[in-house]
1. How far is it, in nm, from the label point at Leu21 to the one at Leu461 when both lie 7 Å from their Cα along the line to the Cβ?
2. Calculate how steeply helix 23-32 sits against the longest principal axis of the alpha-carbon atoms of the chain, using the helix alpha-carbon long axis, and give the answer as 0 to 90 degrees to the nearest 10.
3. Could you work out how far helix 210-226 tilts from the main Cα principal axis of the chain, as a 0 to 90 degree angle to the nearest 10?
4. For the chain, what relative contact order do you get, as a whole percent, if you take Cα pairs closer than 8 Å and at least 6 residues apart?
5. Would you pull out the residues with amide H under 5 Å of Leu396's amide H, same chain only if 5 or more places away, H placed 1.01 Å from N?
6. Hey, what D do you get for the chain in µm²/s if you plug the Kirkwood alpha-carbon radius into Stokes-Einstein at 37 °C and 0.692 mPa s?
7. Work out, step by step, the length gained on full extension between Leu185 and Ser300: first 0.36 nm times the residue separation, then minus their alpha carbon distance; give nm to one decimal.
8. Hey, which aspartates and glutamates would be in cross-link range of Lys350, C-alpha to C-alpha under 15 Å, not counting anything within fewer than 8 residues on its own chain?
Amino acid sequence: MSVPLDPSLSVEAAVLWLSLLAPLPLGLVAWRFPPRRMLPVLLAGAPLPLVTLWLLSRLAVDGGLEGAWSLGGLLLHWRLDALAGLLLLLTQLLLLASAAYAVGHRRAIAVAERDFAGFWPLLGGLAAALGLIWVAADLLTLYAALELMGLCAVGMMLLPGTAQALTAGMRYLLYALVGSLAWLLGVALLLGAWGRLDLAGLAADAEPGAVTGIAMALLAAGLLLKAAIFPLHGWLVPVHASAWTPVSALHGALVVKASFFILMQLWQRLVPEALAAAWLLGGLGSLAILWGGLQAWRASELKQVVAWSTVGQLGYLMLAFPLLAGTSAAVATLAWQATWLQLAGHALAKAAMFMAAGNLVLAVGQSRLGDLAGTSRWLPLSLMTFGIAAVTLMGLPPSAGFTAKWLLLQAAILAGQWPWVVVLVAGTLLTVAYVFRVLRCALVEDAPRREVRPVPGGMDLIALMLALAALALGLGAEWPLALLREGGLP
């Protein structure tokens, strides 16, 4: 189904754009009238994932949506395929959960409504930016969405107002600006060489060569920096150390994934057969898995463990590049499905883990692992949620992490790329090591009784639902995988 350039839109396209832009006014309303209960937030946001489910059902019948907007002399292209629809659904569910969690979090940390109010318009802007990234089909729209996402993320990091938050937020802003500069240089090279910015046109016109290679290297460098891929990950852990828990949950689950999504889209269209570069990215992913897991095992504070875990888990996504470049159709299909299932499962589990960790820290009043002794008796639900989320990160059945890693393992063996098999096994063992280190500290039974401050029950419930959703995604993986198979590679 193709949408013309005139103002008339199909019903599906109109509904799509309404759902993409709806978070902006919702964020402004919440800024003016801050919510005090979780239920109104859930009721206000629930229609958005329902609309996306309807759009996915329409895609299964009619195929993808695509079109362009005329803005002066510019054409801004967009498209909605199965992958974009699934990521949009995932985003809306996580944003809805984080928004509801934030209501309880504000009360738990005793922040005044006026000091927390800035969270809501920033959340609306972040939601709109992520939605645009999933559907954008030209480099200009992608740039605008990336910058909006980055600015909103930085603003949310600065909200605590502490010196630590200010330092971490400004560091994040600096890294983001350097990444944006590399992106703009790459875009300028492509525009000068081929005279167009739409992804479909670039895929058709761009020829292998020095210009395309240098442009892709610049684009990739900027995106890898924004995605905190090893060795460009130095900003990520300090940022999470000072951020509010719902902000960390969104950042670890969605923000860093958006840059990877863009990188994958550009790679598949511009340099899909660049074998040496693909193996380089796979090598960086392997180092990320090992280094992030090792640092998480050595970390002394709970939020540091979860943040370093993000560095390591992002590495699994990078293994897609060598498994997609120059391999058979069977290997590429397995790797494609595994990558997006891993992304979705990790997003759900990581948001749940950040929330569970935040609940434990709030209740105990301390963040060091040694201070968690005895929490298995006093805070069993928060600790159980942490453990259930860890099942997905460790790749144990029946979680989405298990299914994704199993598909990656099959792809690596079928392609004869044995280094990734070793990395998958080593990464799993490292994840088990740092998860059980946390659990060992929390399960100390003879710890002296201490005063704990239980968090609102809704915060624990939301984290638990996300952790269970990661398990359910593994059990029901056939539905999203079938949509990905039908949509194919870009």
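1. Output for this residue pair reads 3.5 nm.
2. Compared with the principal axis, the helix lies near 40 degrees.
3. Here the helix axis deviates by roughly 20 degrees.
4. Working: 799 pairs, mean separation 69.0, N = 490.
14 percent.
5. Excluding prolines and chain starts, which carry no amide H, the hits are Phe402.
6. Numbers: Rh = 22.7 Å.
It diffuses with D of about 145 µm²/s by this estimate.
7. 37.4 nm
8. Partners within reach: Asp460.
The values are calculated or read from the model by the stated rules, or taken from the named source; none is laboratory data. Keep in mind it's a predicted model, so treat the numbers as computed, not measured. Please note: Cβ atoms are built from the backbone with ideal geometry, for glycine as well, and neighbour counts cover all protein chains shown. Ligands, DNA and RNA are excluded from the accessible area calculation, which covers all protein heavy atoms including side chains. Shrake-Rupley method; radii C 1.70, N 1.55, O 1.52, S 1.80 Å.
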